[in-house]
Each structure stands twice: as structure tokens, then as C-alpha cells.
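Below is one structure, written out as C-alpha cells; comments come after it.
The values are calculated or read from the model by the stated rules, or taken from the named source; none is laboratory data. Being a predicted model, the structure only gives us computed values, none of them experimental. As a convention, Cβ positions derive from the backbone with ideal geometry for all residues, glycine included, and neighbour counts pool all protein chains shown. Note: accessible area is taken over every heavy atom of the protein model, side chains too, but ligands, DNA and RNA are not part of it. Shrake-Rupley method; radii C 1.70, N 1.55, O 1.52, S 1.80 Å.
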Amino acid sequence: MDRAVETEGAANDAARRHAAPAGAVTEPLSDVLEPDGFTPRLLALLSNALVWRESHELRRRFGLGTNDWRVISAIATRPGASATEVSDFLDVNKAVVSKSVNTLLGRGMLLLSDGPRGSRPMYLSEDGAEMHHLMRPVSVRGQEIILDGVSAAEAERFNALLRDMLTRIRADAG
């Protein structure tokens, strides 16, 4: 059999296997969002890229991920915070915080205390504080990448805009 005929036959078989089902819309819609001009998409892509970069590096170097870093960082900022307070501060599900807290407790990086109404204030141990110091540059590097070539005044204005956007989106979610 001729090689060209054999290749064409394989291509036709592949096309039949991947044919759209009856009733499927096979052309782009006329009212789609412009991917390169839709700000929420661009913000999500930027956030995803930053998180992926950070998480990959934190796992490679320390065996901990971005959520673990966020909990360490939150407790470094707010010693004695409860898991609920950390969850609220990070704006993540309590289960995410709980999983990281258990990981960090298991590695001796967190210490728990007895608090009011059964709460468990959390503190970094000396190992946790050291891990914060080691992990911090990985996170700071992400900021350096996105602010490269941006003046300090522009960076402050950008951060103010982001804070305003967060306020508006939270108010709208109401």
C-alpha cells in the first residue's frame, strides 16, 4: 500500500473518531469575551502563574506548598491567630487552612495554645520562624517579577487599584 494513502486513511479515521456529535456548536460564538482584553481572565492567569511558580519552588526546596507558606506567613503577621482567623485573613476555605495547620504541626513549625471558647491560638515555633525566613524570598521574587520596571509610585498606585477592586468585588458578592 502506498505510504500517502495509508497516512490519508489514518487521518480520516482520526477525523471520524473526533467528529463533533450531532447538535454540537462547532463555530466560535459571536459574543465571546476577548481573551487578551478581559481583565478578570488576565488577573486569573497572572495569579495562577505566580502561584504555580511559587508552589513549584517551595515544594522543590522545602517540601511545602503555597498554602503552607500562606499559613506560615499569616501567623508570622498575626501571632496567636486561630485557624478561623487565618482562614478569614487569607480568604480561603477552612479545610485548606486545617490541612496546612496539620502539616505544619507535624513538622514542628506551629505551636497551639488554649484560647477562649475552645479556640486554639497558633504561634510559629522557632523552626516555623526559620522556615518563614527561608520561604519569604521565594514569594518576594514573584513580586519582583511582576513589578520589574515599575516605579515605586506606580507600584503603590497599582496596589491601591487592586485593593479597590477587591473591595468592590467583595461588596458586590454581598
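Overview of values
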read-out: Residues that are surrounded by 19 or more Cβ atoms within 10 Å (Cβ to Cβ) and either in contact with a Leu (Cβ under 9 Å, 6 or more places away or on another chain) or among the β-branched types (Val, Ile, Thr) (or both), drawn from the range 39-66; value: Leu58, Leu64, Thr66
read-out: Any chance Asp91 is on the phi > 0 side of the Ramachandran plot and modelled with pLDDT under 95; value: yes
read-out: Any hit, the range 113-122, residues being modelled with pLDDT of 95 or more and either under 21 Å from the mean Cα position of the chain (by Cα) or among the polar types (S, T, N, Q) (or both); value: no
read-out: Pairs, first part of a helix (DSSP H, G or I) in the range 90-101, second small (Gly, Ala, Ser), C-beta under 7 Å, six or more apart; value: Leu90/Ala74; Lys94/Ala83; Lys94/Ser87; Val97/Ala83; Val97/Ser87; Ser98/Ala83; Val101/Ala83
read-out: Hits in the range 103-144 (condition: of a type in the set (A, V, I, L, M, F, W, C), without any contact (Cβ under 8 Å) to a residue 24 or more places away in the chain and either open to solvent by less than 50 Å² (accessible area, probe 1.4 Å) or not in a strand (DSSP E or B) (or both)); value: Leu105, Val140
read-out: Filter pass, Arg136 being out of contact with any Pro (no Cβ under 6 Å at 6 or more places or on another chain) and modelled with pLDDT of 95 or more; value: yes
read-out: Any hit, the range 61-72, residues being touching a residue at least 40 places away in the same chain (Cβ under 8 Å), touching a strand residue (DSSP E or B) at 6+ places or on another chain (Cβ under 8 Å) and either within 23 Å of Glu126 (Cβ to Cβ) or assigned to a helix (DSSP H, G or I) (or both); value: yes
read-out: Output for the range 73-89, where each listed residue is exposed (fewer than 14 other Cβ atoms within 10 Å of the Cβ) and part of a helix (DSSP H, G or I); value: Thr77, Thr84
read-out: Residues satisfying the stated conditions in the range 18-60, i.e. assigned to a helix (DSSP H, G or I), in contact with a helix residue (DSSP H, G or I) (Cβ under 8 Å, 6 or more places away or on another chain) and aliphatic (A, V, I, L, M); value: Leu46, Leu50, Val51, Leu58
read-out: Qualifying residue in the range 146-164 (condition: of a type in the set (S, T, N, Q), within 18 Å of Ser47 (Cβ to Cβ) and exposed (fewer than 11 other Cβ atoms within 10 Å of the Cβ)); value: no
